[in-house]
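Written below as structure tokens is the structure these notes are about.
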């Protein structure tokens, strides 16, 4: 097969492309824009994590890059067959630009996917264009003399279709602006719409008038519209944080300057170079001012953030000191309260015992009520003192031999009356023999009694509370299980916090200190506390405490652990 050369090409049959036959401004306007489209499309696609919007933007850029590439091929290809092929593919790329501009505009403005019907219409149109492209409807004949294709009868329809696409974008924008939106959001839509309409308008006009006048150098004006569009996209990224790109203004501007200045490498004639330099000089001035403002704004923001970080660190330190002072104050006040409350309790016991004379039944009844209130107050003051010691890291561990069997019996004797009042089953499972171990009885009691009291408190009447005790490998483990209201999932991370109560607790008294104190006491003994719970289905608390053997020889019940 004999391949024919374009008339202007250098007669070298080994040269597929002849760069000398294209206008010099082609390289300045088309080549850098081709790279910019690919770069910008990929950048948005990657930074927006392949979102629906970024995919449409990337596809639009790919179609336009393909259009530019085919235009370059038409100008520089040496062989007629290659030029003719580029002309045939031209139609598909150009229509794709307009179709995906409409899709991109709709998704950007309404932030939702287009309908399935519109997608099918798009696919059908592209298939029809692909079928028409290699026929005479697209290219009726080829002008061998000028190395150009003659447009077919489909092109008037294409130009009308492209105008319809432009009208659709205008209507979509107007429809979006008519909805109630913030002023800044409407500005973003306006910048987007203006950039896209300028791009498509200049693109359509340069192609239409180039065909109308058979002066294809007019096509070189087309890329200016794409530069305006990409500029508007860059602006709304910087100004309105579109596409989740979070790109700083200085980065956008530096990339733009890089492309503008790098494009000068493609200008070969000094006359054209002067024109390009004047144009580039103006753009560099505008971009430079914006760059300075952007960098200045970023520096000011960084300085503010650094100052806020210093202030926050200082405030955090002061808050910690205030919190420590508060805990100190609570500890002092609680300690001071403990003595008079204990004295009141002691005097009430003396009165009830008749040390100050006989009392009638009514007086005894009133004194017993006062005694109960006083005991609750003593317990509360003791709880506050323990919480303060845990907060301040002053929880002392006073180990002594503790008969574990007797210990559990004593605690259960306190809890059983509370369970009986609520008609609850208190089920206990203890080993047949439990050792005497070196422990702090007060801390052990604080953990177990708080957990059992909570289980009884938050279990409804007729419910069930279980205590299961096991001993293995020098570790005491017990479980407190209830059939109460359970702990909601959203509260579980905060349940051991001070003064915290679950959100599903209703009409139940409590101070939110019990679990905090129980956990602190267990950890002071070197143990740990955790739980399993489901809202409405009860809770199981688990406690593990390491044991050491009691060394007091007088304790007959001491046994080897494990």
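The values are calculated or read from the model by the stated rules, or taken from the named source; none is laboratory data. What you see is a predicted model, and the numbers here were worked out from it, not measured in a lab. For neighbour counting, all protein chains shown are included, and Cβ atoms are generated from backbone atoms with ideal geometry for every residue, glycine included.
Points worth noting:
- Looking only at residues in region 33-53 that are in contact (Cβ under 8 Å) with a residue 40 or more places away in the chain and over 22 Å from residue 220 (Cα atoms), the one that is surrounded by the fewest Cβ atoms within 10 Å (Cβ to Cβ) is 49.
- Per this entry, residue 132 is not counted among residues that are assigned by TED's automatic domain parsing to the domain that holds residue 168 and over 25 Å from residue 80 (Cβ atoms).
- No other residue among 477, 445 is in the same structural domain as residue 521 (by TED's automatic domain parsing) and either in contact (Cβ under 8 Å) with a residue 40 or more places away in the chain or crowded, with 20+ Cβ neighbours inside 10 Å (or both) apart from 477.
- Subset of region 113-139 (residues that are surrounded by 13 or more Cβ atoms within 10 Å (Cβ to Cβ), within 21 Å of residue 204 (Cα to Cα) and without any contact (Cβ under 8 Å) to a residue 24 or more places away in the chain): 122, 137
- Some residue of region 398-407 being outside any helix (DSSP H, G or I), at pLDDT below 85 and out of contact with any strand residue (DSSP E or B) (no Cβ under 9 Å at 6 or more places or on another chain): yes
- Test: residue in region 165-177 that is assigned to a helix (DSSP H, G or I), closer than 19 Å to residue 92 by Cα and at pLDDT 90 or above: yes
- Which numbered condition residue 233 misses (of (1) buried (at least 17 other Cβ atoms within 10 Å of the Cβ); (2) at pLDDT 75 or above; (3) more than 18 Å from residue 35 (Cβ to Cβ)): (3)
- Within region 420-444, being within 11 Å of residue 402 (Cα to Cα) and outside any strand (DSSP E or B) holds for 434, 435, 440, 441, 442, 444.
- When the test is whether a residue is in contact with a strand residue (DSSP E or B) (Cβ under 9 Å, 6 or more places away or on another chain) and closer than 22 Å to residue 71 by Cβ, residue 101 does not pass it.
- Selection status of residue 200, touching a residue at least 12 places away in the same chain (Cβ under 8 Å), at negative phi and either under 39 Å from the mean Cα position of the chain (by Cα) or not in a helix (DSSP H, G or I) (or both): yes
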